[in-house]
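For reference, the structure discussed in these notes is given below.
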Amino acid sequence: MEVIVAKTAGFCFGVERAVDKVYEQIGKTERPIYTYGPIIHNEEVVRDLEEKGVRVIESEEELKALSDGVVVIRSHGVAQAVEEEIQALGLPYVDATCPFVKKIHQLAAESGEQGKVFLLAGDKDHPEVKGILGHCKGENFTVKSNQELVDLLKNHPELRTKPLAFAAQTTFHAGEWEKCLETLKKLCTNAAVFATICNATARRQKEAKTLAQRCDRMIVVGGRDSSNTAKLRDICAEHCETYLIERADELPVFSAGLSVGITAGASTPASIIK
Ligand code: F3S
């Protein structure tokens, strides 16, 4: 049987880096280790870390109550106020913010300093977006779709001529972003655009499609409630018989001679894929 594992299966660079940083700390420090929010949306990894003594803190209140420990900031990043809070507590911390997200923090901070309005395409309730906006001291707005951008420019006509910096959450939908750019081109005269969508997800989906086109069966490994895993399953299912599994013991039995492709969602560790 031919088995082909997608090169882009599983963790993206930023998540892998953040998870590695937590495991590194386990061997390095005697102090309690905390992650600010779950380091990854994968129960097995979070449970494994818990067994090794790593705790998740969910709020600034919990953070303020810490008297000892090392705090790891996850790949989504945090607002500047949270970073300052950790520093004020005098606790050592590891910043595992993905460098691509860090770049948007910088853009947000600079636009405030330069008197520009910072406009972000993204979901205002997402931790990454909250973190980004928490680096912008100037006027800022979030839009989660082109329609919201159109409405914003209608309700705030002054934005059409003001200097704007327009960026996107790293996982923002590429098609919606393109529509937003069209609107901006049509209606605004002074907008600087920063293409900050990360292409890790797009690359994973593209490879899954290519693999599904050449294989007899596809296996997608990932959480049943993970939206990026479900998307991979849908893409593959258009081209061949596809199975979504969470664990190795759910693997179906295939007859000899078939070619089987394997891909995995962004929160699936390499050990589970293997
Ligand atoms: Fe991952 Fe960083 Fe991109 S966390 S999806 S590599 S922005």
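The values are calculated or read from the model by the stated rules, or taken from the named source; none is laboratory data. Note that the structure is a prediction, hence the values are computed from the model and not measured. Methodologically, a virtual Cβ is constructed for each residue, glycine included, from the backbone with ideal geometry; neighbour enumeration extends over all protein chains shown. With ligands, DNA and RNA removed, areas are computed over all heavy atoms of the protein, side chains included. Shrake-Rupley method; radii C 1.70, N 1.55, O 1.52, S 1.80 Å.
Please report, in Å, the Rg and the Dmax of region 11-162, where both are computed over Cα atoms only.
17.5, 56
May I ask you to order 162-172, 190-200 by the average number of other C-beta atoms within 10 Å around their residues, highest value first?
162-172, 190-200
Can you give the Kirkwood hydrodynamic radius of region 151-219 from its Cα pairs, in Å with one decimal?
Every distinct Cα pair counted, the radius reaches 14.4 Å.
Mind computing the radius of gyration and Dmax over the alpha-carbon atoms of the chain? Å is fine for both.
Rg, Dmax (Cα atoms, Å): 21.2, 66.
Using only alpha carbon positions, build the gyration tensor of region 80-174, then give the equivalent ellipsoid semi-axes as the square roots of 5 times its eigenvalues, largest first, whole angstrom.
Ellipsoid semi-axes (Å, largest first): 26, 15, 11.
Can you quote the Å³ per residue value for the convex hull of the Cα atoms in region 218-269, rounded to an integer?
73 Å³
Can you compute the helix-only [θ] at 222 nm over the chain? Use -39500 (n - 2.57) per DSSP H run of at least 4 residues, normalise by all residues, nearest 500 deg cm²/dmol.
-12500 deg cm²/dmol
Test of understanding: what is the full-extension gain from Glu60 to Lys179, defined as 0.36 nm times their sequence separation minus their Cα-Cα distance?
Computed gain between Glu60 and Lys179 is 39.2 nm.
Which percent, to the nearest 5, of DSSP beta bridges fully inside the chain are antiparallel?
Within the chain, antiparallel bridges account for around 0 percent of the total.
Hey, could you grab the Kirkwood Rh for region 1-70? Inverse mean 1/r over distinct alpha carbon pairs, Å, one decimal.
So the Kirkwood estimate lands at 13.7 Å.
Could you please state how large a percent of the accessible area of region 46-135 is carbon and sulfur, counting protein chains only and using a 1.4 Å probe?
47 percent
Go through region 192-274 and name the GluC sites (Glu not before Pro) that are in a DSSP coil and have 11 or fewer other Cβ atoms within 10 Å of their Cβ.
Glu238
Roughly how large, in nm² to one decimal, is the mean projection of the convex hull of the alpha-carbon atoms in region 167-266?
7.5 nm²
Could you do me a favour and compute the accessible area per residue for the chain, 1.4 Å probe, result in Å²?
It amounts to 51 Å² per residue over the chain.
Once you put a point 7 Å from the Cα of Gln106 and another 7 Å from the Cα of Asp68, both along the Cβ direction, what distance in nm separates them?
3.8 nm
Hey, any idea what the orientation-averaged projected area of the convex hull of region 34-97's Cα atoms comes to, in nm²?
One quarter of the hull surface, i.e. the mean projection, equals 4.0 nm².
In the neighborhood of Glu139, defined by Cβ-to-Cβ distances under 10 Å, what is the net charge if each Lys or Arg adds +1 and each Asp or Glu adds -1?
+3
Between Leu251 and Gln213, what FRET efficiency follows from the Cβ-Cβ distance if R0 is 22 Å, with the result rounded to 0.05?
For Leu251 and Gln213, the calculated efficiency is 0.50.
Please work out how much accessible surface Glu128 shows to a 1.4 Å probe, ignoring ligands, DNA and RNA, in Å² rounded to 10.
Accessible area, nearest 10 Å²: 10 Å².
Relative to the present Cα-Cα distance, how much length would full extension add between Arg47 and Asp151 at 0.36 nm per residue of separation?
33.1 nm
Could you tell me the center-to-center distance, by alpha carbons, between region 56-76 and region 191-217 in angstrom?
Spelled out, the Cα-based centre of one part sits 33 Å from the other.
Rank these residues by their accessible area, most exposed first, probe 1.4 Å: Met1, Met218.
Largest to smallest exposure gives the sequence Met1, Met218.
Given N residues in region 120-179, what is its alpha carbon radius of gyration divided by 2.2 N^0.38 Å?
1.09
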